[in-house]
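Here's the structure, in structure tokens; my notes come after.
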Ligand SMILES: Cc1cc2nc3c(=O)[nH]c(=O)nc-3n(C[C@H](O)[C@H](O)[C@H](O)COP(=O)(O)OP(=O)(O)OC[C@H]3O[C@@H](n4cnc5c(N)ncnc54)[C@H](O)[C@@H]3O)c2cc1C
């Protein structure tokens, strides 16, 4: 038997906040369930923390076959070294073939270090996962500028961090059965001590994540006032691509995409936005998407419901007129 | 206290070869990855306060040497460039291994600084992986850093909160852009920088084996680059601008979106 064939099963690393599994982790359960069914293996979830209450059962209701639970006061808040230690030991012992993380600050701190110790591959910001069933190889699809790239790993386990918001959480079914495995570890506090945690004060009072209408500005729009006027006619708010916020034209809190926010308004109007993969992951699940761009080949049209090939500085004023009329 | 800053050269402008889907590097100026400049700036301010020596460590083709000059002009003392054909095509794991190998060879390194992510691939992996190879703690997403004796005190910028942590030295820190404003070197700084040393080391100098670096040392591979599939049926609106906008306005109104 090849060493690689000793690895079986799909694992998801679950994060929680205020006694609830975070949405990104639930989305991983959707993806993980699909992969596990295709490979005909179990879906296991790894849960670490303290006073976890009913979270293990919840994870089963959301599709886990097995939940490994490690509960300890040292794990109440994440620090790298204890989490890293436990995860590496459990992976070595149980040999899953796939381990998924959500692209969160925690996931991005933990996953690379674990992959490094296990000398295995890790992909970042995946927006889709597919299976090459014959080779049991995970096809990890990531944004690559205006394109997408498929990444594979030749070692095991295959590890990926997945972008939140690319799928929906699974349906909760409280009749589902599964197994909870409590694992005891001798846990050392590690080399990092948390001394203070303070909530961020949002200077921006408009939350783009909650808006029904977003007028999103890209490098193709020169006059910010046009976008403001369109947003005000539609009762919406302004969003932006990374180059716009980096140039200081709008606050960073308005950035949409991989580095910015994931939004899902009822109406999204992309003004002079090319549609790079890193931007698209943040807005593709919006209700109705309108794209205005001079380049008819711009990738943004592939995710749009309405496309207008034209100069956004001429289209917006006309659209404002029509909306008012 | 000696400080290392890991630096990557990225193309100043991202352009894609539309048929092959690969990044065009030829003919495009290489610059220091934006948040690596913040890491260099932090190193220089720490040096001003605590003394020590700053070494830039990078991996890439020969011309990275010119890019590193900018970092030397900002105030770093020397640079090491891992420059070897066998190192090409490295993924994050192989890159981190090569960088860590260099850092281990330098004297008394107490602090390793990296930018949070690179502008061309943006995985955020290399910092934590270098830390692992060095066997030291990592503190990521840092917006404020103080050195207090043999410890650091770092403020991490997370999603909804700031977390302040303490860690013993040596440690590795990844910084976010907001931490500072990188200085612009003067002509005199650039002139002075040209007198500083950039050591070019090949894999053999570092005792790196072929299967530890480059493509061979990389567990991940890109198998395909492709244009994203159309996710929706896009209705292209044609005609005069007035016709287009009134038909769009009508559709949006009938959908109850306006
Ligand atoms: C690690 C990493 C993370 C990233 N994270 C994000 C992120 O979270 N969010 C994000 O947005 N980006 C992100 N990016 C950047 C992303 O790759 C793109 O560079 C960015 O989204 C492009 O912004 P843009 O569409 O405004 O600009 P461009 O790509 O320059 O597009 C401008 C568009 O405007 C069109 N145009 C020009 N003139 C006109 C006109 N008069 N009328 C109409 N159209 C016109 C052009 O045809 C073009 O399509 C990230 C990149 C990396 C490497």
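Could you tell me how many degrees, from 0 to 90 and to the nearest 10, lie between the Cα long axis of helix A:105-118 and the main elongation axis, the longest principal axis, of the Cα atoms of chain A?
On a 0 to 90 degree scale, this one is about 50.
Arrange the following residues from fewest to most other Cβ atoms within 10 Å of their Cβ: B:50, A:105. Could the numbers behind the result be given before it?
Details: B:50 12, A:105 18.
If I rank by nearby Cβ atoms, fewest first, I get B:50, A:105.
Averaged over A:116-126, how many beta carbons belonging to a partner chain fall within 10 Å of each residue's beta carbon?
Numbers: counts 13, 3, 1, 4, 3, 7, 8, 6, 8, 4, 0.
Mean shielding count: 5.
Have a look at the DSSP beta bridges in chain A and tell me what percent are antiparallel, nearest 5. It would help to have the intermediate numbers written out before the result.
Values: 12 of 58 bridges.
Bridges in chain A are about 20 percent antiparallel.
As a check on your grasp of the helix formula, calculate [θ] at 222 nm for chain A: sum -39500 (n - 2.57) over DSSP H runs of n ≥ 4, divide by the residue count, round to the nearest 500.
Numbers: 8 runs with 86 residues, N = 325.
Helix contribution divided over all residues of chain A: -8000 deg cm²/dmol.
State whether chain B is rounded, prolate or oblate according to the following rule on the C-alpha gyration tensor (a ≥ b ≥ c being the square roots of its eigenvalues): a/c under 1.5 gives rounded; otherwise a/b larger than b/c gives prolate, and the remaining case gives oblate.
Working: a/c = 2.02, a/b = 1.64, b/c = 1.23.
Prolate shape, in that a/c is at least 1.5 and a/b is the bigger ratio.
Given labels modelled 7 Å from the Cα in the Cβ direction, how far is it in nm from residue A:50 to residue A:193?
1.5
Which distance in Å, rounded to a whole number, links the C-alpha centroids of region B:62-132 and region A:161-239?
For region B:62-132 versus region A:161-239, the Cα centre distance is 31 Å.
Just check region B:128-252 against the gyration tensor rule for me: Cα atoms, a ≥ b ≥ c as the square roots of the eigenvalues, rounded for a/c under 1.5, and otherwise prolate or oblate depending on whether a/b exceeds b/c.
In terms of gyration-tensor shape, prolate.
When a footprinting reagent is the concern and you count Cβ atoms within 10 Å, what order do A:13, A:185 take, fewest first? Kindly include the intermediate steps, with their values, before the conclusion.
Values: A:13 23, A:185 16.
With the fewest neighbours first, A:13, A:185 line up as A:185, A:13.
With axes computed from alpha carbons, what is the tilt in degrees of helix A:23-39 against the longest principal axis of chain A, rounded to the nearest 10 within 0 to 90?
Once rounded, the angle reads 60 degrees.
Rounded to the nearest Å, what's the spacing between the alpha carbon centres of region A:82-121 and region B:134-184? Just the number, please.
If you average the Cα positions of each part, the centres end up 22 Å apart.
Restricting to the protein assembly as shown, what percent of DSSP beta bridges are antiparallel, rounded to 5? The partial results should precede the final answer.
Values: 42 of 117 bridges.
If I count the DSSP bridges inside the protein assembly as shown, around 35 percent turn out antiparallel.
Name the shape class, rounded, prolate or oblate, that the alpha-carbon gyration tensor gives for region A:137-286, where a ≥ b ≥ c are the square roots of its eigenvalues, rounded holds for a/c under 1.5, and otherwise prolate holds if a/b is larger than b/c and oblate otherwise. Don't jump to the answer; show the numbers that get you there.
Values: a/c = 1.92, a/b = 1.66, b/c = 1.15.
Prolate shape, in that a/c is at least 1.5 and a/b is the bigger ratio.
For peptide A:188-195, compute the average count of partner chain beta-carbon atoms within 10 Å of each residue's beta-carbon.
Values: counts 0, 0, 2, 9, 11, 7, 5, 7.
Averaged over the peptide's residues, the number is 5.
Report the calculated FRET efficiency for residue B:254 and residue B:227 (r = Cβ-Cβ distance, R0 = 35 Å), to the nearest 0.05. Let's see the in-between values first.
Working: r = 32 Å, r/R0 = 0.92.
Efficiency, rounded to the nearest 0.05: 0.60.
Once label points are set 7 Å from the Cα along Cα→Cβ at both residue B:108 and residue A:232, what is their separation, rounded to one decimal in nm?
So the two model labels end up 6.2 nm from each other.
Mind pulling the angle between the C-alpha long axis of helix B:34-50 and the longest principal axis of chain B? Nearest 10 degrees, somewhere in 0 to 90.
That works out to roughly 30 degrees.
Averaged across A:310-319, how many Cβ atoms of other chains sit within 10 Å of each residue's Cβ atom? Let's see the in-between values first.
Values: counts 5, 1, 0, 0, 2, 5, 1, 2, 9, 7.
Average per residue, whole number: 3.
For each of B:201, A:11, count neighbouring Cβ atoms within 10 Å of the residue's Cβ, then give the residues from fewest to most.
Ascending number of Cβ neighbours within 10 Å: B:201, A:11.
Mind ordering B:111-123, B:178-190, B:152-164 by average Cβ neighbours within 10 Å, highest first? It would help to have the intermediate numbers written out before the result.
Working: B:111-123: 22.7, B:178-190: 14.2, B:152-164: 17.5.
By packing density, highest mean first, the sequence is B:111-123, B:152-164, B:178-190.
I want to check the label-to-label distance for residue A:89 and residue A:249. Put each point 7 Å from Cα in the C-beta direction and report it in nm to one decimal.
Modelled inter-label distance: 5.3 nm.
Antiparallel DSSP bridges in region B:2-212: what percent, to the nearest 5? Intermediate values should be presented prior to the final figure.
Working: 17 of 43 bridges.
In region B:2-212, DSSP labels about 40 percent of beta bridges as antiparallel.
Laboratory data are not the source of any read-out in this text; all were calculated from the coordinates shown. The model shown is predicted, which means the values in this text are computed figures rather than measured ones. Neighbour counts run over all protein chains shown; Cβ positions are idealised from the backbone, glycine included.
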